[in-house]
Amino acid sequence: METDTVYRFTEFGHKQIIPLEEKTMVSDGLEIPYYFLQPERSDNYPLVVWLHGSSSSFSPRWHQYAQYFGNQGFAFVAINFSGSTGLGRPDLSREELLQLQSKEVRAVINEIRSHHGLSGNPVVGVGVSYGTILSGKISKMYPGLFDMVLEYAPVYPAEDYPKDLPVHIFTGAQDAYADREELVRHANLTPLH
């Protein structure tokens, strides 16, 4: 691949469309909808856990990312946790909602790892916008659940991560929503371009 060429996510790999399975699991009486993709060659490849932004859900606009990861051999799950479009929880404070969302994400990860032959595979949390706040909360509530975290377009600094957890920040140089220097200072990290 040439270094000066811009590629769309759909132009990588085998260009194979891997079906996304729409599933639901129940944990503590709550239905948790999620999308799951497992390519044929996913042994020893990470499970990518996509944590979308607030006031939205995992929708078709994000499917190209699932296909990209799947074509690289990664299993992929996107969880429409409480607070997602159609799953609002106005009765909960922000902290209570983060705790509930963290619990739901952990339940889905455990379900997938135990039922899809991924129990020994590493888990990579990909937080998008608000999802970066959630990935930080999960990392504090359940140390060791994620083997790595990618913060993609964070709005503001997430929770302090455990010192032994690799965290990478992807943000634009002209990002109007997040102060890059504050993100790096808060997380004690170096952003990747």
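The values are calculated or read from the model by the stated rules, or taken from the named source; none is laboratory data. Computed from a predicted structure; not experimentally measured. In this analysis, Cβ positions are derived from the backbone assuming ideal geometry, glycine residues included, and neighbour counts consider all displayed protein chains. For accessibility, only protein heavy atoms count, side chains too; no ligands or nucleic acids. Shrake-Rupley method; radii C 1.70, N 1.55, O 1.52, S 1.80 Å.
Results, tabulated for the structure shown:
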{"read-out": "Peptides ranked, highest mean first, by Cβ atoms within 10 Å: ranges 116-128, 65-77", "value": "65-77, 116-128"}
{"read-out": "Solvent-accessible surface (1.4 angstrom probe) belonging to residue 24, in square angstrom, nearest 10", "value": "80"}
{"read-out": "log10 of Debye I(q)/I(0), alpha-carbon scatterers only, for the range 82-148 at 0.20 Å⁻¹", "value": "-0.84"}
